[in-house]
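Coordinate-derived values only; no laboratory data. Values in this document were obtained by computation on a predicted structure and should not be read as measured data. Cβ sites come from the backbone with ideal geometry, for glycine too, and all protein chains shown count toward neighbours.
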Amino acid sequence: MRVRAIGGIMSLFPPASCARLIVKIGSALLIDTDGAVRREWLTGIAADIAARTKEGQQVAVVSSGAIALGARRLGLAKGGRASLEDAQAAAATGQIALSQVWAEVLGAEGLTAAQMLVTLDDLEHRRRYLNAAATLDRLLSLGVVPVINENDSVATAEIRFGDNDRLAARVAQAAGAGGVILLSDIDGLYDRNPSLEGARHVARVDRIDAAIEAMADTGSASGMGSGGMVSKIAAARIAGAAGANLAIASGRTPRPLSGEARHTLFVADKGASARKAWLAGGLTAKGRLSIDAGAVKALGGGASLLAAGVTGASGDFQRGDILDIAGPEGRVVARGLSEYPAADVAAILGLGREAQEAALGYAPRSAVVHRDHLVLL
């Protein structure tokens, strides 16, 4: 762990090693306390993006702010978050205004903006994810700056990202980006709540472990956004699994992308295949398998998950659905695609191959979750 490093955030993401960059901007940076767009600040961001594109870097923006902006226009209490219905109405009203502002500030820099509104299902279902990825790829290759947000006007409490931190990381996966910058009202990770005496800023995280997760605080400092440090660490996990470095940086300066912004850099893993990165970054699972210690060890060695090592199953899943796989202590250690529906998994728990055939009435498959469709977490 290294502490208190300050430096230019863009030096972490040079075009030579980061051809595509995702920049997420929080509500508190875009919208002031009166609910109006901070246009002068946004103009500076647009200039920074233009400078990056001139150097050959392709940039996409994940932009918060629609609910806060719409709530002001509609006169809704609690920033539009008093109820799901208010949030949906505020999002529908604010999104059109927000996209217009982005089009104007980017257009002034000679850039074309495109709007993409996505839901959780768009990035959790493999075929829809690939469609979104294809659209992003084409827009970026054309020199367009996609401006992306969750489609809060139709999202429900149960089926939504809930914060744009994790959305930005999933977009990075879909776009094949090498880096993610989360601009926020906080300047990175601290070893405890930064309001506490003696809190130390953490400049670099090479591995997200239990100690790092324990540092997270769930609050949003402004009260305007929906994500806290927990969501940002979750985003770093998702981005890292896809081989993208992620930085949490303060946006409380006029030109945070080109100036000296304090930050925390989360260093990416080596990177899994595209399909395994998608699995690792998923936020929903249809079911859960519990496995014994022997199976945990076998998975760590690159093996498939066999029925003999499965001690329990829950959820109403079908073949091909995503499952969380938990070890004896209850911690999720892997995720993968089920080779069986839930009823068949229940019938073969703990059984060897010959006993499986007798229980199922047909020749069993080679594994409950095959190693080609499994990723360790």
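In table form, for the structure just shown:
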item: Residue-averaged [θ]222 nm for the chain, counting only DSSP H segments that reach four residues, each worth -39500 (n - 2.57); result: -10500 deg cm²/dmol
item: Other-chain or far-sequence residues with amide H under 5 Å of VAL180's (modelled H); result: ILE22, ASN245, LEU246, ALA247
item: Contact order relative to length of segment 285-376, as percent, for alpha carbon pairs under 8 angstrom and 6 or more apart; result: 33 percent
item: Charge tally in the Cβ shell below 14 Å around ALA313, where Lys, Arg are +1 and Asp, Glu are -1, ALA313 excluded; result: -3
item: Note, ³J(HN,Hα) from phi for segment 118-131, Karplus 6.51, -1.76, 1.60, rounded to Hz, x at Gly and Pro; result: 10, 10, 4, 4, 4, 10, 9, 8, 4, 5, 5, 4, 5, 5
item: The chain: antiparallel DSSP beta bridges as a percent of all, rounded to 5; result: 45 percent
item: Derived scalar couplings ³J(HN,Hα) [segment 180-196; Karplus, 6.51 cos²θ - 1.76 cosθ + 1.60; whole Hz; x for Gly, Pro]; result: 9, 10, 9, 7, 8, 8, 10, 9, x, 8, 10, 6, 7, 3, x, 6, 8
item: The chain: relative contact order as a whole-number percent, Cα under 8 Å and 6+ apart; result: 16 percent
item: Stretch gain in nm, segment ALA51-SER141, where the contour uses 0.36 nm per residue and the Cα spacing is subtracted; result: 30.7 nm
item: Straight-distance crosslink candidates among lysines, where the alpha carbon sits under 30 Å from LYS297 and sequence neighbours closer than 8 are dropped; result: LYS232, LYS270, LYS276, LYS286
item: Span from the segment 333-358 Cα centroid across to the segment 53-113 one, whole angstrom; result: 46 Å
item: For segment 37-43, Karplus couplings with θ = phi - 60° (6.51, -1.76, 1.60), whole Hz, Gly/Pro x; result: 5, 7, 5, 4, 5, 5, 4
item: Extension gain (nm, one decimal) between ALA214 and LEU376, 0.36 nm per residue minus Cα-Cα; result: 56.2 nm
item: 24 Å tail of the calculated P(r), segment 285-376, as % of Cα pairs; result: 8 percent
item: Amide H within-cut-off set for GLY312, under 5 Å, with H built and near neighbours excluded; result: SER290
item: Residue exposure sequence - VAL180, VAL62, VAL118, VAL296 - by fewest surrounding Cβ within 10 Å; result: VAL296, VAL118, VAL62, VAL180
item: Total formal charge among the other residues, if their Cβ is under 12 angstrom from that of GLU40, Lys/Arg +1 and Asp/Glu -1; result: +2
item: VAL332 paired with ALA82, simple spin-label distance in nm, labels 7 Å along Cα-to-beta-carbon; result: 3.5 nm
item: Exposure proxy order (Cβ contacts within 10 Å, fewest to most) of TYR340, TYR190; result: TYR190, TYR340
item: Pair SER17, ALA363: separation of 7 Å Cα→Cβ label points (nm); result: 5.0 nm
item: Ascending count of other beta-carbon atoms within 10 Å, so fewest first, for ILE186, ILE212; result: ILE212, ILE186
item: Stretch gain in nm, segment ARG127-THR112, where the contour uses 0.36 nm per residue and the Cα spacing is subtracted; result: 2.7 nm
item: Cα gyration tensor, segment 2-277 - rounded (a/c under 1.5), prolate or oblate; result: rounded
